[in-house]
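> Please see the structure below; I have some questions.
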Amino acid sequence: MVCVNVMTFTDASLTALRVFREVAERGTLTAAATALGYTQSAVSRQIASLERAAGTALLERRHDGVRLTPAGRIVVRRAAAAIDQVDAAARELAGIPEELGTVRLGWFATAGVFLVPRALAALRETHPGITVISREGSTPALVRALRAGTIDLALLASAPPFRAPDAESPALELHTLSERSLRIAVPSTHPLAHADVVDIEDLRGQRWIAGPGGEQYMGVWPGLDERPQVVHTARDWLAKLHLVAAGCGITTAPAALTFALPPGVRIIAVQGGPEEQRRILLARLPRPVPEPVARLAAAIRAAASADG
């Protein structure tokens, strides 16, 4: 059971709640400070004041950032609702029309190439009164945003062994939209380009285009028995594919991107070794779903089904 000092917690400031929600979403005090335009010490002071008001720790400090405690999960859920209500009141007092039917959607990069535009176009045709505000993010960032209450739905990417996207409670509700094999993208002039399927052994010694920093091996075929030669790094999938088209190297790509390839690029299946599958998941918190959110979720599922 989580014990919170109710009498003092009612004195928590709205600023502290906003800061806390940002920390919960960003995962580190530094990232939250950058997003808010605060110093890290100012963020720390706001968190400390909120923890004093609650009478218990709300964050667990770890080497890789922060994690919500059980009390912190309660506070961030309630804080999101309180902040939304205060913001709605401010808009009403300012004479700004109430935003009926607004849904906040988060999506990982390649979902924005095919799935998100199709779903939004279909929803606009059937329910033009629903406003969708969307943003791109990594799967971990989107999971934190769901927990923090700053988005309503998230399109997540998942790779084997297909574990839950986080270990927090309550578990997110997940719906698998598609499961497809990972492939490689090669220049049309590459020696491998003539084949429809290549063996994993053929990938040894190749020059790779991969992601930067902690994402470095996003773009390198998983399970290679050698240290890959990464010659270019790029986070954006389109930049990677255009580097491929220019003959600068090869990269991995989901099968769903086949229709969006720039000229001079082929996508090829790989055999040998474990089969590399990728799933697209639709995620939300397990709570009653407002009609606009349900309508958008239905449009996303329909778009994923139509895509095959």
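> Please give the charge dipole size of the stretch 180-277, origin at the Cα centre, charges +1 on K and R Cβ atoms and -1 on D and E Cβ atoms. Round to the nearest 20 debye. Please list the in-between numbers first.
Values: 8 positive and 10 negative charges, 69 e Å.
Rounded to the nearest 20 debye, it is 340 debye.
> Just to check I understand the Karplus step: with θ = phi - 60° and J = 6.51 cos²θ - 1.76 cosθ + 1.60, what whole-Hz values come out for the stretch 58-66, glycine and proline as x?
Whole-Hz 3J(HN,Hα) from phi for the stretch 58-66: 9, 10, 9, 7, 10, 5, 9, x, 10.
> Sticking with this structure for a sec: Report the local net charge at residue 187: Lys and Arg +1, Asp and Glu -1, summed over other residues whose C-beta lies under 13 Å from its C-beta.
That works out to +3.
> Report the charge-dipole magnitude of the chain in Debye, nearest 20, computed about the Cα centre from +1 at each Lys and Arg Cβ and -1 at each Asp and Glu Cβ. List each step's numbers first, then the result.
Working: 33 positive and 30 negative charges, 95 e Å.
The dipole magnitude comes to about 460 debye.
> Kindly give Rg over Rh for the stretch 112-151, based on alpha-carbon atoms, with the Kirkwood expression for the hydrodynamic radius. Walk me through the numbers before you get to the answer.
Details: Rg = 12.1 Å, Rh = 11.5 Å.
Rg/Rh for the stretch 112-151 comes to 1.05.
> If you take every residue apart from residue 36 with its C-beta less than 15 Å away from the C-beta of residue 36, what net charge results, scoring Lys and Arg +1 and Asp and Glu -1?
Combined, the nearby Lys, Arg, Asp and Glu give +2.
> Scan around residue 277 for amide H atoms under 5 Å from its own, H built in the peptide plane at 1.01 Å from N, and keep only partners 5 or more places away or cross-chain.
Under 5 Å from the amide H of residue 277: 182.
> Still on this structure: Sorted from largest down, what three extents in whole angstroms do the Cα atoms of the stretch 96-185 have along their principal axes?
The principal-axis extents, from largest down, are 46, 35, 19 Å.
> Also, I was wondering about something else. Determine the percent antiparallel among the DSSP beta bridges restricted to the chain, to the nearest 5.
Counting DSSP beta bridges with both partners in the chain, the antiparallel share is about 60 percent.
> Also, I was wondering about something else. Of 256, 246, 162, whose Cα points farthest to the positive end of the dipole of the stretch 160-277 (charges on the beta-carbon: +1 Lys, Arg; -1 Asp, Glu; origin at the Cα centre)?
Going by the charge dipole, the pick is 246.
> Here's another thing I want to ask about it. Of 82, 116, 153, which is farthest along the charge dipole of the chain in the positive direction, counting Lys and Arg as +1 and Asp and Glu as -1 at C-beta?
Toward the positive end, the furthest listed residue is 82.
> Using DSSP to define loop residues, name the trypsin sites (Lys or Arg not before Pro) in the stretch 126-200 whose beta-carbon has at most 10 other beta-carbon atoms within 10 Å.
Taking the stretch 126-200 and a limit of 10 other Cβ atoms within 10 Å, the loop trypsin sites (Lys or Arg not before Pro) found are 163.
> Continuing with this model, one more query. Could you give the semi-axes, largest first, of the ellipsoid that matches the chain, computed as the square roots of 5 times the alpha carbon gyration tensor eigenvalues and rounded to whole Å?
Equivalent ellipsoid of the chain: 40, 24, 17 Å, largest first.
> For the stretch 180-277, build the convex hull from the C-alpha positions and give me its volume per residue in Å³.
Spread over its residues, the Cα hull of the stretch 180-277 gives 91 Å³ apiece.
> So, one more: For the stretch 208-308, which GluC sites (Glu not before Pro) pass both filters: DSSP loop (anything but H, G, I, E, B) and at most 12 other C-beta atoms within 10 Å?
In loop regions of the stretch 208-308 (DSSP not H, G, I, E or B), the sparsely surrounded GluC sites (Glu not before Pro) are 226, 275.
> Okay, next question. Mind checking the alpha-carbon convex hull of the stretch 6-77 and giving the volume per residue in Å³? Don't skip to the end; give the middle numbers.
Numbers: hull volume 5.4 nm³, N = 72.
Considering the Cα atoms of the stretch 6-77, their hull volume per residue is 75 Å³.
> If you add up the charges near residue 276, with Lys and Arg at +1 and Asp and Glu at -1, over every other residue whose beta carbon is less than 14 angstrom from its beta carbon, what do you get? Working shown, then result.
Numbers: positive: 180, 183, 278, 279; negative: 179, 199, 275.
So the surrounding residues net to +1.
> Thinking of the stretch 157-227 as a set of Cα atoms, what percent of all their pairs are more than 19 Å apart?
That fraction is 52 percent.
Coordinate-derived values only; no laboratory data. Just so it is clear, the model here is predicted, and its values are computed rather than measured. Using ideal geometry, Cβ is built from the backbone for each residue, glycine included, and neighbour counts are taken over all protein chains shown.
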